[in-house]
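Scroll down for the structure; my scribbles are underneath it.
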Amino acid sequence: EVQLVESGGGLVQRGESLRLSCAASGFTFSSYSMNWVRQAPGQGLEWLSYISRSSTATYYADSVQGRFTISRDNARNSLFLQMNSLRAEDAAVYYCARISPESGHYYLDVWGKGTTVTVSS
Amino acid sequence: EIVMTQSPATLSVSPGERATLSCRASQSLSDKLAWYQHKPGQPPRLLMYDVSTRATGISARFSGSGSGTEFTLTISSLQSEDFAVYYCQQYNNWPPITFGQGTRLEIK
């Protein structure tokens, strides 16, 4: 079964850091580009970051550029999101999501169940 | 950045009826548009991609149409499990990948 499982969420103070992980199984992780997407309470989906199959390309939303870093370890079938200088507005459910393998078709075909990040002052 | 605008924000429809959800892009997308269904406590689920191709396991009650900047998701004969929030997403010009703000489909 194709599966993505996020972990690492929790309660942090404003300005602190947190590292999210996403464990992939049931597919050849190294063959897929990956993303992080979040949903703040009462809000819609917000794309955060992309990483290519071999980590040669990474992209970020303006809202997290310079504070968040996406990375992956293909040997461990894992995706990561290092989040620094957390703000109140970063409180959300964070999802990892797989990008379709079809070239040029960047829709998200598999999603994890999400991990919740809470930021307190 | 391509801005995606969905309408209406909330749609009230009775079970068994048809629902029509709209999505407008600020620039032409060719056919690079996807739709997702999102229920509380669950991850988003891919419904459609390339405007009108159903994802694996998606009921034929779901159909997508449109081109350029105007797109529609139609759900025929609504079932109880269809009531959720629906998002469109463009992937024609990125980064960033952008989503619409969502349409909440509720039981009338």
Q | Under 23 Å from the Cα of A:LYS113 - lysines, other chains or at least 8 residues apart | A | B:LYS39
Q: Please list the radius of gyration and Dmax for region B:1-95, considering alpha-carbon atoms only, with Å as the unit.
A: 12.8, 39
Q. Between A:ALA88 and B:THR53, what is the FRET efficiency for a Förster distance of 45 Å, r being their Cβ-Cβ separation, to the nearest 0.05?
A. 0.70
Q. Assuming R0 = 45 Å, what is the FRET efficiency of B:SER63 and A:GLN43, from their Cβ-Cβ distance, to the nearest 0.05?
A. 0.95
Q: Can you pull the one-decimal nm distance between simple spin-label points at A:THR116 and B:LYS108, each 7 Å off the Cα toward Cβ?
A: 3.4
**Q.** Positive dipole terminus of chain A, leading residue within A:CYS96, A:LEU11, A:VAL64 (C-beta point charges)
**A.** A:LEU11
Q: Evaluate the charge dipole of the protein assembly as shown about its Cα centre and quote only its size in Debye, nearest 20, assuming +1 on the Cβ of each Lys and Arg and -1 on the Cβ of each Asp and Glu.
A: 220
**Q.** Residues in region A:50-67 that a label on B:GLN27 would reach, taking backbone N under 19 Å of a point 7 Å out along Cα→Cβ
**A.** A:50, A:59-63
Q: Please find the FRET efficiency linking A:ASN74 to A:HIS105, where r is the Cβ-Cβ separation and R0 is fixed at 35 Å, and quote it to the nearest 0.05.
A: 0.95
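Bear in mind that the values in this text are calculations on the coordinates, not laboratory data. Small disclaimer: the values here were computed from a predicted structure and weren't measured. Every residue, glycine among them, receives a Cβ derived from its backbone with ideal geometry; neighbour counts consider all protein chains shown.
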